[in-house]
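The values are calculated or read from the model by the stated rules, or taken from the named source; none is laboratory data. Everything numeric here is computed off the predicted structure, so don't read it as measured data. Note that each Cβ is placed from the backbone with ideal geometry, even for glycine, and that neighbours are counted across all protein chains shown.
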Amino acid sequence: MHATYLYYWSIFTTTNLEFGKVVALLVELLGVQSFNEKTEMRQCRSQHVCLSWLRDIYEQRCEAHLWEYAARAYLLYLVGCTIFAYKSVTSIAVSYISLFRDLGMCGDYVWGVGCLTYIYEQLGDACISHTHQLGGYAKLMQVRLFGTLFVIYILL
């Protein structure tokens with residue numbers, strides 16, 4: 001399971017997709033019209049979509065009983081709010097939606113490995129002198145640190 005997730009992690013987080021491919025991903029996997037996402041991505045100024053837009057897409061897909069599209073929008077929203085949150089917690093990279101192409105396979109991913117990798121990457125960015133915020137799911141880092149300190153306390 002680790003190898004499967006790490007393979008997808010390396011593909012979808014390191015590739016810089018062309019604008020047309022990003023739009024095609026959103027059309028295919030969320031069932032939205034291409035005009036809408038072009039506008040949305042211009043508002044976010046990159047290959048990201050706003051989390052508020054994803055929430056709206058989720059609600060629209062639920063009302064239309066398009067459950068697979070709704071599930072993908074919800075999962076992308078959830079991942080954008082928690083484990084792969086940017087510093088502003090207002091947008092998420094569109095490349096992450098590729099992880100939800102096959103909804104049955106999502107449960108086989110080892111999300112903790114990707115989350116910790118992302119947090120450590122964000123810690124590296126936070127060490128830069130002009131950076132004032134930490135991205136990622138900081139609560140997980142706090143739990144990890146507390147667990148380590150607790151084990152050290154018991155051993156002493």
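Here are the numbers for this structure:
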read-out	value
Subset tally (residues that are under 15 Å from C106 (Cα atoms), surrounded by 15 or more Cβ atoms within 10 Å (Cβ to Cβ) and not hydrophobic (A, V, I, L, M, F, W, C)) for the stretch 60-88	4
Subset of the stretch 49-66 [of a type in the set (A, V, I, L, M), closer than 15 Å to L29 by Cα and either part of a helix (DSSP H, G or I) or without any contact (Cβ under 8 Å) to a residue 40 or more places away in the chain (or both)]	L54, I57, L66
Only listed residue being within 26 Å of A126 (Cα to Cα) and either at pLDDT 90 or above or surrounded by 13 or more Cβ atoms within 10 Å (Cβ to Cβ) (or both), chosen from V110, V27	V110
